[in-house]
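Read the structure below first, then the notes.
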Amino acid sequence: MACDPVAPTDPVFAFSADQVRTLTGLSDRQLRYWDKTGFFSPSYGEANRRRPFSRVYSFRDVVGLRAIAMLRSQLPLQQLRRVGAWLAAHYDEPWSSLRFTVAGRDVYFRDPGSDQWVSTQPPGQAVLRDFCLADVAEEMADEAVRLRDRGPRDIGRVVQNRSVMHNAPVLAGTRITTEAVWNFHTAGYSADEIICQYPRLTAADVRVAIAWESDARERAAS
């Protein structure tokens, strides 16, 4: 059965704070502070930020944060806030239309509507860097795929961790629970159809998950 795997640019492709730190080079303290002050909040954050995985970032969030991280050594916080606000205002614009240029300690934005450069400061300094969000997005997509690659030891193995899915058994290297696989299995889905739902899984993962849940239910019934 043919199916299309989820791509990093898909809106359901989400990242934990740990993954965002790895991809952007930002610290957890920075991410928390920026979230708390409203400078840059995750798209899927829960009201109670104390709960595990209460901050979940979209791929567009990751690209925006990476762009800001790349500018931290060049621009003061006031200018970084302008970048964050500009990215939020143009969240739904296509990547190819989002460009900005750093000149000295100022940022010049290319307005997607008028295609004009916009800044609060007059030009006059040499351009240091030209940013196209499409390029940043491409880089982050490649990094995200590598980040989510599972090692050979993860295939066909079930693990439990208190910080992952509330200690529910999951397939190693993923947040996919054995129960989720079992539910598709009992609904009549084949292994290939289950893999279409969870492209990161293999046939070995599906077999192990079904066996794990079957054993668990036999133990519970005895």
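It is to be established whether one or more residues within region 53-67 are modelled with pLDDT under 90, touching an Asp or Glu at 6+ places or on another chain (Cβ under 7 Å) and either surrounded by 13 or more Cβ atoms within 10 Å (Cβ to Cβ) or assigned by TED's automatic domain parsing to the domain that holds Thr174 (or both). Within region 53-67 (the criterion being modelled with pLDDT under 90, touching an Asp or Glu at 6+ places or on another chain (Cβ under 7 Å) and either surrounded by 13 or more Cβ atoms within 10 Å (Cβ to Cβ) or assigned by TED's automatic domain parsing to the domain that holds Thr174 (or both)), the answer is yes, since at least one residue qualifies. Any residue that is assigned to a helix (DSSP H, G or I), farther than 30 Å from Thr101 by Cβ and among the small types (Gly, Ala, Ser) - is there at least one of those in region 180-189? Yes - at least one qualifying residue is present in region 180-189. Return the pairs, sorted by first residue and then second, in which the second residue is modelled with pLDDT of 85 or more and of a type in the set (Ser, Thr, Tyr), the first residue lies in region 11-27 and is in a loop (DSSP other than H, G, I, E, B), the beta carbons are less than 8 Å apart, and the residues are 6+ apart or on different chains. Pairs found: Pro11/Ser58; Phe13/Ser58.
Being more than 30 Å from Ser96 (Cα to Cα) and either modelled with pLDDT under 85 or part of a helix (DSSP H, G or I) (or both), is that true of even one residue in region 129-151? Yes, some residue in region 129-151 is more than 30 Å from Ser96 (Cα to Cα) and either modelled with pLDDT under 85 or part of a helix (DSSP H, G or I) (or both). Which condition number in (1) over 21 Å from the mean Cα position of the chain (by Cα); (2) closer than 26 Å to Phe59 by Cα; (3) not small (Gly, Ala, Ser) is the one that Arg157 fails? The one condition Arg157 does not meet is (2). Can you confirm whether Val56 is in contact with a Lys or Arg (Cβ under 9 Å, 6 or more places away or on another chain) and hydrophobic (A, V, I, L, M, F, W, C)? The answer is no for Val56. Is it true that Ser41 is surrounded by 18 or more Cβ atoms within 10 Å (Cβ to Cβ), free of Cβ contacts under 8 Å to residues at least 24 places away in the same chain and among the small types (Gly, Ala, Ser)? For Ser41, the condition - surrounded by 18 or more Cβ atoms within 10 Å (Cβ to Cβ), free of Cβ contacts under 8 Å to residues at least 24 places away in the same chain and among the small types (Gly, Ala, Ser) - is met.
Is it fair to say Asp154 is at pLDDT below 90 and under 28 Å from Asp18 (Cα atoms)? Judged against the criteria, Asp154 is a match. For region 152-179, the candidate set comprises residues that are touching a residue at least 24 places away in the same chain (Cβ under 8 Å) and part of a loop (DSSP other than H, G, I, E, B); within that set, the residue that is surrounded by the fewest Cβ atoms within 10 Å (Cβ to Cβ) is Ser163.
The values are calculated or read from the model by the stated rules, or taken from the named source; none is laboratory data. None of these values were measured; they are calculated from a predicted model. Using ideal geometry, Cβ is built from the backbone for each residue, glycine included, and neighbour counts are taken over all protein chains shown.
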